[in-house]
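The values are calculated or read from the model by the stated rules, or taken from the named source; none is laboratory data. Here the structure is a predicted model, which is why all the values come from computation and not from measurement. Glycine also receives a Cβ, built like all others from the backbone with ideal geometry; neighbour counts cover every protein chain displayed.
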């Protein structure tokens, strides 16, 4: 039997990041062949990752970044299972490197990101390896890339929430307003830019709920639709960005705030990722 030396085990650990005993067992299985041991570790890592596939990975980092010219941005959510791992410097560096790569290469969607060549493999394969080494499920759960005339990015609460706001301008005042609105979106979690952007099924559901509440309160049948519509408008005021009170000045709503910046300034869309949501 080939003698497995401590230096050989350490070399394999440096190459793969796997634990000492796992490296020793892999070298024994491969009769001391280090390339064969790497394959053994990859196979066992995939098996370990498969066992963790159904586990919840609700911790991690949600990272939003805008390009240097502020015309596009990315937001990516990289997850793990515990806050302890999420705060580990290696995990933070790994998640940040994914965000930086996605921004630099203007990666279009999550599938393209997972297929990205990464250290001789794909990022998807690297995530499996990370799962095996760390002992927790590691995944990219959400990813989006946004392009517009102007894009503002904001990260909230130790990267628990990442927000991108797409604007029709990228002058300095517009971008500052975009960052202010990204903070509002992080805090208030609107469901759409305005009432027109709310899905019809949501409108129908809220109208139905409002009508049923009015009916339960004993309101006249002839008044039910009017009351339900009033409740629907209140729902829009609370849950759509432009109708919400502006958090930095509650005397106006967001639509009015935008007009103070530029009468033509518009929010085209926004993207909000929150850990565990």
Boolean, residue 242 is in contact with a helix residue (DSSP H, G or I) (Cβ under 9 Å, 6 or more places away or on another chain), closer than 24 Å to residue 65 by Cα, part of a loop (DSSP other than H, G, I, E, B) and at pLDDT 95 or above: no
Some residue of the range 230-237 being surrounded by fewer than 19 Cβ atoms within 10 Å (Cβ to Cβ), more than 27 Å from the chain's Cα centre (by Cα) and within 15 Å of residue 253 (Cα to Cα): yes
Qualifying residue in the range 210-222 (condition: over 25 Å from the mean Cα position of the chain (by Cα), in a helix (DSSP H, G or I), modelled with pLDDT of 95 or more and over 30 Å from residue 92 (Cβ atoms)): no
Some residue of the range 207-223 being exposed (fewer than 14 other Cβ atoms within 10 Å of the Cβ) and touching a residue at least 24 places away in the same chain (Cβ under 8 Å): no
Residues within the range 87-130 that are crowded, with 21+ Cβ neighbours inside 10 Å and more than 23 Å from residue 22 (Cβ to Cβ), tallied: 7
Qualifying positions in the range 176-204 - buried (at least 20 other Cβ atoms within 10 Å of the Cβ) and either closer than 9 Å to residue 241 by Cα or at pLDDT below 95 (or both): 181, 184, 185, 190, 193
Filtered residue count, the range 159-175, keeping only those that are in contact with a helix residue (DSSP H, G or I) (Cβ under 6 Å, 6 or more places away or on another chain) and surrounded by fewer than 19 Cβ atoms within 10 Å (Cβ to Cβ): 1
Among the residues listed as 108, 141, the single one being within 16 Å of the chain's Cα centre (by Cα) and closer than 11 Å to residue 78 by Cα: 141
